[in-house]
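Read the structure below first, then the notes.
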């Protein structure tokens with residue numbers, strides 16, 4: 001009789017332990033574990049994200065996203081990193097201004113062809 005009561009409890013406990021080990025229900029985030037000391041080329045980067053305790057990460061970092069969608073972690077207190085962040089902010093601001101005017105640059109470098117008017 002005691003075995004009938006114990007078996008469902010053991011199954012429930014085993015299910016709970018398996019779910020914990022597989023990470024079900026946990027909110028794991030992709031955090032930087034260390035910051036790069038190398039200089040980051042300006043033309044390589046397209047955007048950045050700030051990381052810290054508010055995002056669930058222990059290390060404060062600036063995560064730069066490259067044009068090939070790679071991530072580079074850098075120290076937010078580094079003056080070169082701060083300058084790169086300012087340059088990216090200016091680029092985004094200028095892109096928004098150009099978008100509001102309706103002037104989007106054409107790809108391919110060729111001027112737009114105009115249709116001939118018939119007389």
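Derivation of every value follows stated rules applied to the coordinates shown; laboratory data play no part. Predicted model only: the values in this text are computed from it and were never measured. Counting neighbours? That spans all protein chains shown, and the Cβs are built from the backbone with ideal geometry, glycine included.
With the highest mean first, a sort of the peptides 57-64, 74-81 on other beta-carbon atoms found within 10 angstrom per residue produces 57-64, 74-81. Here the convex hull built on the C-alpha positions of the range 30-97 has a volume of 93 cubic angstrom per residue.
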